[in-house]
1. So, in the stretch 155-168, of the ones that are more than 17 Å from residue 96 (Cβ to Cβ) and in contact (Cβ under 8 Å) with a residue 60 or more places away in the chain, which residue ends up surrounded by the fewest Cβ atoms within 10 Å (Cβ to Cβ)?
2. Against the condition over 15 Å from the mean Cα position of the chain (by Cα), farther than 15 Å from residue 44 by Cα and modelled with pLDDT of 95 or more, how does residue 138 come out, does it pass?
3. Within the stretch 105-135, can you find the residues that are more than 13 Å from the chain's Cα centre (by Cα) and closer than 17 Å to residue 83 by Cα?
4. Would you tally the residues in the stretch 122-154 being assigned to a strand (DSSP E or B) and surrounded by 14 or more Cβ atoms within 10 Å (Cβ to Cβ)?
5. Among the residues that make up the stretch 108-115, is at least one of them out of contact with any helix residue (DSSP H, G or I) (no Cβ under 9 Å at 6 or more places or on another chain), charged (D, E, K, R) and open to solvent by 20 Å² or more (accessible area, probe 1.4 Å)?
6. Give me the pairs: first residue in the stretch 64-75 and among the small types (Gly, Ala, Ser), second residue open to solvent by 70 Å² or more (accessible area, probe 1.4 Å), beta-carbon distance under 7 Å, and six or more apart or on different chains, which are they?
7. What single numbered condition from (1) assigned to a loop (DSSP other than H, G, I, E, B); (2) under 17 Å from residue 46 (Cβ atoms); (3) open to solvent by less than 10 Å² (accessible area, probe 1.4 Å) fails to hold for residue 119?
Amino acid sequence: MHGVRGRRSILGLIGALALMLAAVFTAGPAQASVASDDGAAGRVLTAPPAPQDAQSASTRSAAANSPSVSPSARSIHMAPGTTFNCPSGNLCTEVWDPTTGSWEIFFLYTCNRYYTSYWNGAGYYYDFQTGGVTSYFYGQSGNVLHSFRPDSALHSYTWTPVWSVRNC
């Protein structure tokens, strides 16, 4: 009887050590997770209707520019009303692209400060990051316009004053 308890105690101790080691190796500085592909666990979102002030690409083509970020991040274009997946670990932003008449969805997953170009008017963001990160939107002078943490809600936001985004 004493031998069985001893083996159980040793097995319990080994299990506890394994869990502690796993916690040490998986813990680290808070940052966005590595991107998942669209088949991975994520949230299915529906692209909203076109902004009210959106004009057709043909009437604005000479002055229109496609939104972008630097450093570059994965993005897709989605027509209003279509669905897309925001994978776990991503800050997904929806910016209207007047050159295509669609939403450009940026998947910000690598911890970075992304400088925005041609992010104008109304848009949306969904923070599906992990690790308890805080994200920031910055203005032209580097001032914090907005800070937030993942909350599983779709938020509207006016992109015009945003000059950069830090997703961690």
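The values are calculated or read from the model by the stated rules, or taken from the named source; none is laboratory data. Given the structure is predicted, the values throughout are model-derived calculations rather than measurements. Reconstructed Cβ throughout: ideal geometry from the backbone, glycine too, with neighbour counts over all protein chains shown. The protein model used for the area step is the full one, side chains on, heavy atoms only, and it has no ligands, DNA or RNA in it. Shrake-Rupley method; radii C 1.70, N 1.55, O 1.52, S 1.80 Å.
1. Here the residue is 168.
2. Yes: the conditions hold for residue 138.
3. 123
4. Going through the stretch 122-154 one residue at a time, the tally reaches 15.
5. For the stretch 108-115, residues out of contact with any helix residue (DSSP H, G or I) (no Cβ under 9 Å at 6 or more places or on another chain), charged (D, E, K, R) and open to solvent by 20 Å² or more (accessible area, probe 1.4 Å): present.
6. That search, which allows pairs on different chains as well, returns 66/118; 68/118; 70/115.
7. Condition not satisfied by residue 119: (2).
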